[in-house]
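**Student:** Below is the structure I would like to discuss, written out as structure tokens.
Read-outs throughout are calculated quantities, based only on the coordinates presented, and are distinct from any laboratory measurement. All values derive from a computational prediction rather than experimental measurement. Glycine also receives a Cβ, built like all others from the backbone with ideal geometry; neighbour counts cover every protein chain displayed.
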Amino acid sequence: EDQVTQSPEALRLQEGESSSLNCSYTVSGLRGLFWYRQDPGKGPEFLFTLYSAGEEKEKERLKATLTKKESFLHITAPKPEDSATYLCAVPGSSNTGKLIFGQGTTLQVKP
Amino acid sequence: DTEVTQTPKHLVMGMTNKKSLKCEQHMGHRAMYWYKQKAKKPPELMFVYSYEKLSINESVPSRFSPECPNSSLLNLHLHALQPEDSALYLCASSQDSTGLTEQFFGPGTRLTVL
């Protein structure tokens, strides 16, 4: 069964304290992995797409990496405005276009 | 431009009302989606339209009725909803429905059913 697990559920950091969020997946033949940021009461905002193991993408303080079993979202020197829920998702193996989402990691960055 | 727009932002309706949610994208995307999201949960897929045809219905109750009038517009018609249908309803679009291209989400409609 396709499954995506994110850890930790919640993360509290001090401003400037770097850390990583984890997204592990079990899906037949990974065809891509997506990272989203979601602020409370708003729609998810697309961040990154990763297609193959070893691939890395960066945007400001965020860097996403992918291995054959998991993806990491590294946050370097975070600021309070980075506080949000971060979601990862993979296409299901049924080839229908359905995304399998993790439960998300809620990040709080304190000044 | 990666914008998906949704109206209204908020909607309060009684269980006997009929209302509609609207979604629009001008990115030339050929796949459009409706999701339902409850608090502290990830989005839950409801419907997928590919090239204006319904391709996935995730066993959604018939009180939710989707419609795709053209390649840029997506509607969700609501009738006789239940209080447990209260949630954030999200529209999304992507280049195609293979699942290999990123989906862009709208801001959502916060629905409250009394």
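**Student:** Run the numbers on chain A and let me know its relative contact order in percent, using alpha-carbon pairs under 8 Å that are six or more apart.
**Tutor:** Computed value for chain A: 37 percent relative contact order.
**Student:** Quick one: which of A:Lys57/A:Lys110; A:Lys63/B:Lys41; A:Lys59/A:Lys79; A:Lys98/B:Lys40 span more than 18 angstrom between C-alpha atoms?
**Tutor:** On the way: A:Lys57/A:Lys110 25 Å; A:Lys63/B:Lys41 24 Å; A:Lys59/A:Lys79 14 Å; A:Lys98/B:Lys40 20 Å.
Beyond 18 Å between Cα atoms: A:Lys57/A:Lys110; A:Lys63/B:Lys41; A:Lys98/B:Lys40.
**Student:** Now for a separate question. In whole Hz, what ³J(HN,Hα) sequence does region A:26-35 give by Karplus (6.51, -1.76, 1.60; θ = phi - 60°), x for Gly and Pro?
**Tutor:** So the J values, rounded to whole Hz, are 10, 8, 6, x, 4, 10, x, 9, 10, 10.
**Student:** Moving on. Mind checking which lysines have their C-alpha under 18 Å from B:Lys9, skipping anything on the same chain fewer than 8 residues away?
**Tutor:** A:Lys42, B:Lys18, B:Lys19, B:Lys22, B:Lys36, B:Lys38
**Student:** Looking only at other chains, what is the average number of their beta-carbon atoms within 10 angstrom of each beta-carbon in B:94-100?
**Tutor:** Per residue, the number of nearby Cβ atoms from other chains is 5 on average.
**Student:** Using a cut-off of 17 Å between alpha-carbon atoms, which aspartates and glutamates can reach A:Lys69, once sequence neighbours fewer than 8 places away in the same chain are excluded?
**Tutor:** Leaving aside aspartates and glutamates fewer than 8 places away in the same chain, those within reach of A:Lys69 are A:Glu1, A:Asp2, A:Glu55, A:Glu56.
**Student:** Under the rule that a partner needs its Cβ under 4.7 Å from the first Cβ, which Cys of the protein assembly as shown have none?
**Tutor:** Lone cysteines by the Cβ rule: B:Cys68.
**Student:** I've got another one for you. How about region A:1-59: which GluC sites (Glu not before Pro) there lie in a loop by DSSP and see at most 16 other Cβ atoms within 10 Å?
**Tutor:** A:Glu1, A:Glu9, A:Glu15, A:Glu17, A:Glu55
**Student:** How about region B:1-61: which trypsin sites (Lys or Arg not before Pro) there lie in a loop by DSSP and see at most 16 other Cβ atoms within 10 Å? Write down the numbers at each step before the final one.
**Tutor:** On the way: sites: B:Lys9, B:Lys18, B:Lys19, B:Lys22, B:Arg30, B:Lys36, B:Lys38, B:Lys40, B:Lys53; in loops: B:Lys9, B:Arg30, B:Lys38, B:Lys40.
Those satisfying the criteria are B:Lys9, B:Arg30, B:Lys38, B:Lys40.
**Student:** Would you tally the net charge around B:Lys9, using a Cβ to Cβ cut-off of less than 12 Å, leaving B:Lys9 out, and scoring K and R as +1, D and E as -1?
**Tutor:** Taking every Cβ under 12 Å from that of B:Lys9, the sum is +3.
**Student:** Same structure, new question: How high is the relative contact order of chain B, in percent, with contacts defined as C-alpha pairs under 8 Å that are six or more residues apart? All intermediate terms of the calculation are to be shown ahead of the outcome.
**Tutor:** Numbers: 292 pairs, mean separation 42.3, N = 114.
Dividing the mean separation by the residue count of chain B yields 37 percent.
**Student:** Now a separate question. What list of whole percents do you get for P(r) of the protein assembly as shown, with Cα-Cα distances grouped in 5 Å bins up to the one holding the largest distance?
**Tutor:** Taking every Cα pair in the protein assembly as shown, the percentages come to 1, 7, 15, 18, 19, 16, 12, 7, 4, 1, 0.
**Student:** Each residue of region B:39-45 in order: what ³J(HN,Hα) in whole Hz does its phi give by Karplus 6.51 cos²θ - 1.76 cosθ + 1.60, θ = phi - 60°, with x for Gly and Pro?
**Tutor:** So the J values, rounded to whole Hz, are 4, 6, 10, x, x, 10, 5.
**Student:** Filter the chymotrypsin sites (Phe, Trp or Tyr not before Pro) in region B:27-114 down to the DSSP loop ones having no more than 16 other Cβ atoms within 10 Å, then list what survives.
**Tutor:** Those that pass, being in a loop and sparsely packed, are B:Tyr51.
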